[in-house]
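Laboratory data are not the source of any read-out in this text; all were calculated from the coordinates shown. Note that the structure is predicted; figures quoted are calculated from it, not measured. Counting neighbours? That spans all protein chains shown, and the Cβs are built from the backbone with ideal geometry, glycine included.
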Amino acid sequence: MKKRKILIVGAGLGGLSAAGCLLKAGFDIEIYEQAPSLGEVGAGIQMSANAMHVLNYLGIGEKISAQSVRPEAYVFRLHNTGEIIDRFALSDEHLALHKAPYNQAHRADLHNLLTEMVLELKPNSIQLNKTLKYFEESDRGVRLFFDDGTNVIGDILIGADGVKSVIRDQISGKVPATYTGDSAWRITVPKEALPENFMDHVMSVWMGPGKHAVTYWIKGGTLLNFVGCVETPVASDESWTAKFPWEEMKSNFKGWHQDIQTVIDLADKNECFRWALYNRPVVKNWSTSQATILGDAAHATLPYLAQGAAMAIEDGAVLARCLKDVSETSEALNLYQRNRYDRTKKVVETSNANRKLFHLDNEAEIRAYFSDRDEGASRNDWLYSYNPLTTVLK
Ligand SMILES: Cc1cc2nc3c(=O)[nH]c(=O)nc-3n(C[C@H](O)[C@H](O)[C@H](O)COP(=O)(O)OP(=O)(O)OC[C@H]3O[C@@H](n4cnc5c(N)ncnc54)[C@H](O)[C@@H]3O)c2cc1C
């Protein structure tokens, strides 16, 4: 029987992982990416066991682990004193519970490994400078039309084209993007610039009125990653490359703990990026009879649970299983959405709820929240314990 050809639009973390899972399941794939070159931005990314299962399956788990930091714990701190209000163990406990590690990696390292893996499985399968405009479906298959005037035909289309997905817009209609009121500063500082023994190898969320910061080590502990999410009335670009003045970031974190001041003071003043965070409702209808979406295209989320890319990676693994198990494409795509909708919606909703929690201005409320709840047990129970390769498909 002829292999079904799957066209994937978008060579981000989601598109590349899906490509690997589909190639390993025996499908032919082709990836179309709008950018003139492949790559990712210079920032950190957290990969918990639920995503690491897939990276292990794709044969890059050990390689990414070797380039990452395995944090001892996840800690929640007060913004001014640094006092730890709650903590749950990661490292050995996460590995023992979920049979895969919790890694903090550099996005570019992960992206490079995924790219290499795909090209090893199918050389020349990624076409660059290909911006999709729209697609058409017929009895012959699904045809993609690019802005350079070319078109291609395949059997199935996967839209892994991110938050501004044109494939989602065509399948489900335009989805409104509403500014959350938050923007995320992003900087990295090399270890050698920082004082000796600066910050443990933990994942820290620093919570303060109207803003929070996240700090963790990447690149084997040689680079500190800082993300500072601040309530900002004026919306700017939803972009990884938009830069803003260092002075603004410095003033945003006035009065915060000395460690935060140290990180900001040592940042490269010309490399202060800020991404405006938008909310989009989780799309209800992901698929047509021959096309579907995954990752941020389907369920963009605030990064307040560090699970957006993990969900994209899970999606690809489940989608490949559905297409392999069910030969009728539209049934397979329905099975895929049915098995992904509730989980991804819960991630979006929990991330939204964390926005409120992380930005409380009342310390007593923060303490009350954490005294009522076992954050680690909850995440271990529903979030990190999921294995997209083995979960029973319903
Ligand atoms: C500050 C911040 C921190 C985060 N931290 C984490 C974390 O720790 N852990 C985690 O799991 N997630 C995290 N995320 C979320 C994560 O970055 C995203 O969920 C993830 O990158 C989505 O992957 P994707 O492949 O769906 O989309 P993208 O990475 O956006 O990839 C989409 C690709 O499609 C291409 N494309 C778009 N339109 C077209 C077109 N028309 N034609 C052709 N190509 C096109 C783009 O160029 C791009 O390469 C974070 C997000 C932010 C903002």
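A few points about this structure:
- Pairwise Cα separations in the stretch 9-152 fall into 5 Å bins from 0 onward with the following percentages, short to long: 2, 9, 15, 17, 15, 13, 9, 8, 5, 4, 2, 1, 0.
- Cα-based radius of gyration of the stretch 327-388 once divided by 2.2 N^0.38 Å, which approximates compact folds: 1.59
- Inter-centroid distance (Cα atoms) of the stretch 70-85 relative to the stretch 118-136, Å: 42
- Among ILE45, ILE156, ILE84, the largest mean-square fluctuation in a Gaussian network model of the chain, built with springs joining Cα atoms closer than 10 Å, belongs to ILE84.
- Mean projected area (nm²) of the alpha-carbon convex hull when the stretch 220-260 is viewed from all directions: 4.3
- At 0.692 mPa s and 37 °C, Stokes diffusion of the stretch 241-324 via Kirkwood alpha-carbon radius, µm² per second: 204
- Taking only the C-alpha atoms of the stretch 161-300, the Rg (one decimal) and the largest Cα-Cα distance, Dmax (whole number), read 17.9, 58 Å.
- Length added when fully stretched, PHE198-ARG367, from 0.36 nm per residue minus Cα-Cα: 58.2 nm
- Within the chain, helices built from complete DSSP H runs that reach 15 Å or longer along their own axis (Cα positions) and carry a mean Kyte-Doolittle hydropathy of -1.0 or higher are 13-24, 107-121, 308-325.
- Listed by chain and number, the aspartates and glutamates whose C-alpha is less than 19 Å from the C-alpha of LYS122, apart from same-chain residues fewer than 8 away, are ASP28, GLU30, GLU33, ASP155.
- An ellipsoid equivalent to the chain, defined through the eigenvalues of its Cα gyration tensor, has semi-axes of 36, 22, 20 Å when rounded to whole angstrom and sorted largest first.
- Residue-averaged [θ]222 nm for the chain, counting only DSSP H segments that reach four residues, each worth -39500 (n - 2.57): -10500 deg cm²/dmol
- Inter-part distance, the stretch 230-292 to the stretch 348-384, computed on C-alpha centroids, equals 21 Å.
- When only alpha carbons of the stretch 1-78 are considered, Rg and Dmax amount to 15.9, 60 Å.
- Applying 1/(1 + (r/R0)^6) with R0 = 45 Å to the Cβ-Cβ distance of GLU72 and ASN270 gives a FRET efficiency near 0.85.
- Subtracting the Cα-Cα distance of GLN261 and ASN285 from their residue separation scaled by 0.36 nm leaves 4.1 nm.
- Calculated FRET efficiency for the pair LYS63/SER125, C-beta based, R₀ 22 Å, to 0.05: 0.65
- Gaussian network model of the chain, springs between alpha carbon atoms under 10 Å - residue of VAL234, VAL205, VAL189 with greatest fluctuation: VAL234
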